[in-house]
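The next block holds one structure in the form of structure tokens; read it before the comments.
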Amino acid sequence: MPANDLTASLQQQVQAAYAGKTPLKIVGGNSKAFYGRQTTGAELTVLDVSGHSGINSYEPTELVLTARAGTPLAEIEAALAEKGQLLPFEPPHWGPNATLGGTIACNLSGPRRPYAGSARDFVLGCHVINGKGELLHFGGEVMKNVAGYDAARLMAGALGTLGVLLDVSLKVLPVPQDKLTLVQPATLPAALEQMNKLAGQPVPLSASAWVDGYLYLRFAGAKSAVAAVKQRVAGDVLVDAATFWRSLRELQLPFFAEAASLWRIALPQTADQPKLPGDWLLEWGGAQRWLKTAASIEQVRAAVAALGGHATLLHGGSGSDAFQPLPAGLWQAHQRLKQAFDPAGILNPGRMYEGL
């Protein structure tokens, strides 16, 4: 079916749902179904957007790509690789059917996140269908076109609760000339200190992680800059570095196997380690910390909040406990946004929080 017909079909389905106050569960590749809460509502209807696929335009010289939300992430990455470019935020797939829409809806970023930016930072614009079935266009396809820029960014991380993504325009970047990963044994406190120290130095750091007592540091950039790193930073060269970083990004390292309760914890990079029992894995310079623990939900969230962070329960729990409860002011802001974009509350109800 031509793209225009697919858009019209999706729009008609949303309009009918709005008229009948029927809740919709937006589904693309379904690779992120485990992330967050489950969509709720009586007579829940699936809105399949996977067919709305394909790269609309790609201008390598302008570093801009626009693709439909149902486009497989692998297809986009392959097209960029042919021109020596990449998605700067190095998104995880979390499954072979990952799509662009799901990636942006979850605002997912990989190991490059603290050094290059998040998925949200590279969204230039988007087309969406709001909860009334209206077509909306935010932002543009060039960096200098900033009309509606913040509204486009609202869709990143909204989990489909504000609109049905149709297509997204992204800024892309050239593949670095050279890469190098160094690994060295380190205690957790020493690893945190080293990661923060290097973040403040003129070195092309592009990823960092502490796994099973070892600190992994990836550098990427001009050949001369990467070569200079060997003179400044200790560590052994990791031969199959691509496999390691891909396994970390896709949660396929042994650490992530058989995790009854897996927490994804966001903290300031310089924050102390939360006093919680369990097994830890650190990345993003210490800003993202993974925890496997038998501690209660209340214990984890209290310890993390005391250090200025928040905790997401990725696996385990009832499903309703996935995201940290919002402060009153932020909750009210979320409610106002939901009312503005989806007044009948039909788009992925309950996917983020009950009542949104």
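Each row is one residue, and each column tells you yes or no for (1) outside the structural domain of GLY133 (by TED's automatic domain parsing); (2) surrounded by 14 or more Cβ atoms within 10 Å (Cβ to Cβ); (3) in a loop (DSSP other than H, G, I, E, B); (4) free of Cβ contacts under 8 Å to residues at least 60 places away in the same chain.
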residue	(1), (2), (3), (4)
ARG301	yes, yes, no, yes
LEU307	yes, yes, yes, yes
ALA311	yes, yes, no, yes
SER320	yes, no, yes, no
PRO325	yes, no, yes, yes
GLY329	yes, no, no, yes
TYR353	yes, yes, yes, no
LEU356	yes, yes, yes, no
Set ALA234, ALA227, ALA242, ALA259: member being assigned to a loop (DSSP other than H, G, I, E, B), farther than 27 Å from ALA303 by Cα and not β-branched (Val, Ile, Thr):
ALA234
Residue match in the stretch 290-313 (condition: under 17 Å from MET195 (Cα atoms) and out of contact with any Leu (no Cβ under 7 Å at 6 or more places or on another chain)):
no
Filtered residues of the stretch 174-190 (kept if more than 21 Å from GLU90 (Cα to Cα), among the hydrophobic types (A, V, I, L, M, F, W, C) and in contact with a Gly (Cβ under 8 Å, 6 or more places away or on another chain))
ALA186
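Every residue, every condition in (1) surrounded by 11 or more Cβ atoms within 10 Å (Cβ to Cβ); (2) touching a helix residue (DSSP H, G or I) at 6+ places or on another chain (Cβ under 8 Å), yes or no:
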| residue | (1), (2) |
| --- | --- |
| LEU182 | yes, yes |
| ARG218 | yes, yes |
| ALA225 | yes, no |
| VAL237 | no, no |
| LEU248 | yes, no |
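Rundown of residues vs (1) over 23 Å from ASN97 (Cα atoms); (2) out of contact with any Leu (no Cβ under 7 Å at 6 or more places or on another chain); (3) buried (at least 20 other Cβ atoms within 10 Å of the Cβ); (4) in the same structural domain as ASN107 (by TED's automatic domain parsing), yes/no style:
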residue	(1), (2), (3), (4)
THR7	no, no, no, yes
GLN11	yes, no, no, yes
GLY20	yes, yes, no, yes
LEU24	no, no, yes, yes
LYS32	no, yes, yes, yes
GLY36	no, no, yes, yes
THR39	no, yes, yes, yes
ALA42	yes, yes, no, yes
From ALA242, ALA260, residue being loosely packed, with under 14 Cβ neighbours inside 10 Å, of a type in the set (A, V, I, L, M, F, W, C) and in contact with a His (Cβ under 9 Å, 6 or more places away or on another chain)
ALA260
Selected residue (criterion: farthest from the chain's Cα centre (by Cα)) from residues of the stretch 53-89 that are part of a helix (DSSP H, G or I) and not hydrophobic (A, V, I, L, M, F, W, C)
THR61
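The values are calculated or read from the model by the stated rules, or taken from the named source; none is laboratory data. Since this is a predicted model, take the numbers as computed values, not measurements. Ideal geometry is used to build each Cβ from the backbone, glycine not excepted, and the neighbour counts take in all protein chains shown.
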